[in-house]
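The values are calculated or read from the model by the stated rules, or taken from the named source; none is laboratory data. Worth saying up front: this structure is predicted, and the values here are computed from it rather than measured. Neighbour counts are summed over all protein chains in view; Cβ atoms, including those assigned to glycine, are modelled from backbone coordinates with ideal geometry. For accessibility, only protein heavy atoms count, side chains too; no ligands or nucleic acids. Shrake-Rupley method; radii C 1.70, N 1.55, O 1.52, S 1.80 Å.
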Amino acid sequence: MTDSPFLGFDPRKAGLSESLSRDLVTIDNLVGRTVLEHEGEAVLEAGRRLFDLAAANPSADVFDKIPALAEPETAAKTARAFTILFQLINLAEQKEIIRVNRERDHRPESVRDAVNGLKESGSTADQVSELISAVSICPTLTAHPTEARRRAVLDKLESIARALTEMDEDEDTLSLDRPLDSEGMAQDDLRRNLSALWLTSELRTSQISVEDEVQNALYFFEKTIFMVASWLHRDLNRAFSEAYGSGERIDCGNVLTYRSWVGGDRDGNPLVTADITWSTLLEHRRVVIKNYIKLLKSLRRELTHGSEGLAADDPLLVDVNSGLKSAGLPDSILRRHEGEPYALKLAMIEQTLSEQLDWLARLQKGESIPTCSGFDSDQLWNELVMVRSGLQRAGLKVAAETGLLARMIREVEAFGLDMASLDVRQHSDEHGQAVGVLLAAADVIPDADSYQSMSELHKIKTLVKEIESSRPLVRGSWRGDERVEKVRGVFRVIRKAHELLGPRSVQAYIVSMTHGLSDLLEVLLLAKDAGLDTGDLDVVPLLETIDDLERGKPLLKELFASPPYKVHLAQRGGFQEVMLGYSDSSKDGGYLAATWSLQKAQRELSEAAKAHGVKLRLFHGRGGTVGRGGGRANRAILSQPAGSFDGQIRFTEQGEVISFRYTLAPIAHRHLEQILAASLVAASRTSLARGSSWT
């Protein structure tokens, strides 16, 4: 079949680069050919006429000028053609972004650029190392109804992007993955994947479930985030070494960590139950362990070195020899890696992780089993470092510090065994209603409605008394109505997660529509009711309205002075997180008023925290569009009020922009390196403003 362009546009007339123009013409030809092949001339012609009409007479009556579009089926297929065309244009744009950044001799807003800038300003190696250890960037993935594309669609889009890239390569380029006669293979891949995309439903026929949303979020961890996080750690070490001539590694453990709301955010979503939250936590751990096992299998094939260069009493050899009997490795593994201590050690690690996977499967089935005896995150990291240290002692520096082993160590630094700590979010009204019922059941108040009618001061006094009381509110067997038990159930799940999975599995409880101190004390009381130690949980107020942003500073002062909250704060090491709602504040007061209120709130919240000796981290609830706080995150970091940013930042990655930022690994790399570079620069400015020894 000959080429049949869909729209026949000429991108060169718009001044686009030669490479991008070539891709856009290819895409237009492929979409036209696919539409013609599967739907026929009528749909192709309707699309062309619609495009021409939009350019010539955008106010014209479409159905009058193009009668074919009055047919619902033709209109739907024409819209589908434009949708796929726009998706592929976005892919071409991403590919161009990658090309431009790779061709730059000096890439601005990169980690190397930031570290070199700090050195040129006079910062010493110790100062920069200290700064890096203080930086903590925490993207937080959220679900969003406007981003519901299926994994099958995302996979096909990525395959099309790869085929476009292969078409750019010179035909003489040596590839070990192609036959000797490989002409036209990339074009065939493009046509095949585009045809499959056309015949694959964009959305599910049934409503997307919370479990589907969880799997969508996990897709991006498996596809790009695990790998790209390790790239950021490598960038930091390389930049530091190049700038200061030091071969020593720097501590990157907390530089980049991820969190997720998907499966834990129940504000306005009754489908997010306690059981869903529990299964999500297990799925987080299952996915990250499977990722590590996959890496370990590859590493065993790579590190088949013998024991040459190691002393007989080397710690690695001693550990392997003493642990082989109890490790329970299959005979096939023992035979395959006989005399290969590094591979045997990796096999032992893999075996332990496989046992942890089995333990998770039993938990998922609801079995009541004790805590797993396998690794925690720190132990897994230490096991891998033991392998690296052995390679270094044997003089195998390249094997120790590059390749899959180095990548896996960096991934464990960033993700541990929790992958991404799951946030729990609930509306303050739900807490208030549950607390009222509990207080009435405990005969503290005559009925649940009495609590709702109390003044804020009366609520605070009642809550403080009950939080500080040694007696439980109700018997352990007591149960309220369905609404109350939904609230109580999630606190019990958090307690179970902390006991079985560790406190990093759930680190934050976010209170939507926080209006006063009572909204936060209610969380402490509900945690007490569930037997949950809040010393392992941040209680995070979410300030969403203009009025709440204005009251942010007085709220923190009152919060930090509250006796039970002071105890909680001490347990958290004097750390407090506050979330700022960009989208809701814009809806509440308009874009300009919200922007000013947010800027003012950041400054005032920082002042309140400093006055009480509290370490504050602001959590920015940014949406995808500018009106909802969207835009380039690195510029938002650099524009924060002077002295308010000390290197700690958390922000939401809204569902509708996650696929753009995280489908292709180099795009994710560019997104994150700009944020990390901006964080280093902004934190150094704060250090200077505070009169530190920085020069």
Inside region 476-502, the number of residues satisfying the requirement of being among the aromatic types (Phe, Trp, Tyr) and farther than 20 Å from Arg425 by Cβ is 1
Considering only residues of region 193-244 that are of a type in the set (S, T, N, Q) and open to solvent by less than 40 Å² (accessible area, probe 1.4 Å), which is nearest to Ile160 (Cα to Cα)? Asn193
Residue in region 503-511 that is aromatic (Phe, Trp, Tyr) and open to solvent by 30 Å² or more (accessible area, probe 1.4 Å) present: no
Return yes when Gly395 is in contact (Cβ under 8 Å) with a residue 60 or more places away in the chain and open to solvent by less than 40 Å² (accessible area, probe 1.4 Å) and no when it is not. no
Considering each residue of region 458-472, count those that are open to solvent by less than 30 Å² (accessible area, probe 1.4 Å) and over 15 Å from Asp519 (Cβ atoms), and give that number. 1
Which residues, counting only those in region 566-581, are touching a strand residue (DSSP E or B) at 6+ places or on another chain (Cβ under 8 Å) and surrounded by 14 or more Cβ atoms within 10 Å (Cβ to Cβ)? His568, Leu569, Arg572, Gly574, Phe575, Gln576, Glu577, Val578, Met579, Leu580, Gly581
Select from region 413-451 the residues that are buried (at least 24 other Cβ atoms within 10 Å of the Cβ), in contact with a helix residue (DSSP H, G or I) (Cβ under 7 Å, 6 or more places away or on another chain) and either of a type in the set (D, E, K, R) or farther than 28 Å from Phe491 by Cβ (or both) and list them in ascending order. Asp418
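Would you say Ser21 is without any contact (Cβ under 8 Å) to a residue 12 or more places away in the chain and either of a type in the set (Phe, Trp, Tyr) or crowded, with 17+ Cβ neighbours inside 10 Å (or both)?
Values: without any contact (Cβ under 8 Å) to a residue 12 or more places away in the chain: yes; either of a type in the set (Phe, Trp, Tyr) or crowded, with 17+ Cβ neighbours inside 10 Å (or both): yes.
Yes.
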Cβ pairs under 7 Å, 6+ apart or interchain, first in region 30-42 and more than 9 Å from Trp198 (Cβ to Cβ) and open to solvent by less than 60 Å² (accessible area, probe 1.4 Å), second among the hydroxyl-bearing types (Ser, Thr, Tyr) and not in a helix (DSSP H, G or I), ordered by first then second residue, are Gly32/Ser4; Arg33/Ser4; Leu36/Ser4
Out of the residues in region 249-260 that are charged (D, E, K, R) and open to solvent by 30 Å² or more (accessible area, probe 1.4 Å), which is modelled with the highest pLDDT? Asp251
Which pairs do you get when a residue that is among the acidic types (Asp, Glu), found in region 70-99, comes within reach of a residue that is buried (at least 18 other Cβ atoms within 10 Å of the Cβ) and at pLDDT below 95, reach meaning Cβ atoms under 7 angstrom, with the pair 6+ apart or on two chains? Glu96/Leu20
Being surrounded by fewer than 20 Cβ atoms within 10 Å (Cβ to Cβ) and touching a strand residue (DSSP E or B) at 6+ places or on another chain (Cβ under 8 Å) is the requirement here; does Gly263 meet it? no
